[in-house]
Amino acid sequence: MAVNFTCSFISLCCLTLWSFTATAAVTKVPPPHSTVRPGSPVPVNTNNPGVRRAARFGVYRYNNSSNDLFLFKESHIQQAMVQIVRGLKYMLHVDIKRTVCEKREHSSLDSCHFQRNKNLQQTLRCYFEVWITPWTHKVHIPIAHCHQEPSL
C-alpha cells in the first residue's frame, strides 16, 4: 500500500511540474530569480483585449458621473498594468475625448465619433483602477480621476 501511494504521489508531482513548465512557456511566467513578486502589478500591452475592456468600463464610469452634455470615449491608452488580486485589477492611464454623441441619445460608444467642432473638442487625461472578477461577472471601479491637460 505504501509503495502504491509513493508511486502515485511521485507521478502526481511529475505531472504537476510538467503542466507548470508547459503553462509557464505560454503565459511567460518570470523565472524564479526575477524581481517580480506574486501579486505585484506588472505592465501589460495596451492593445490587450482585457485592457481595452477595462478602459471602456472606466470611460462608462466617467460618463455616468460627469455633467457634460456629450459622451466621452477612450482615444489612447497611455500605460497599463495588471495585478492579480481575487480577480484582475487594471491600473490604466487613458486619454479620453468628447464625442459627437449626446448622453440623452444613449448611443453605443462604438458608433460615436470624436467631436469635430473645434469649440467642442476636449481631451482629458484619466487614471482608472478597474477591478474585474470574471467568475462573478462583477466590475468595480474604485478610482476614476480625470483632468484636462493645461494648454501650452
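The values are calculated or read from the model by the stated rules, or taken from the named source; none is laboratory data. Only a predicted model underlies this, so the values are computations on that prediction, with no experimental measurement involved. We place every Cβ from the backbone using ideal geometry, glycine too, and count neighbours over all the protein chains shown.
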I'm trying to understand the selection: among the residues of the range 130-141, which are loosely packed, with under 10 Cβ neighbours inside 10 Å and of a type outside the set (Phe, Trp, Tyr)? Thr136, His137
Condition test on Asn48, is it modelled with pLDDT of 95 or more, of a type in the set (S, T, N, Q) and either more than 30 Å from Ile141 (Cα to Cα) or in contact with a Leu (Cβ under 6 Å, 6 or more places away or on another chain) (or both)? no
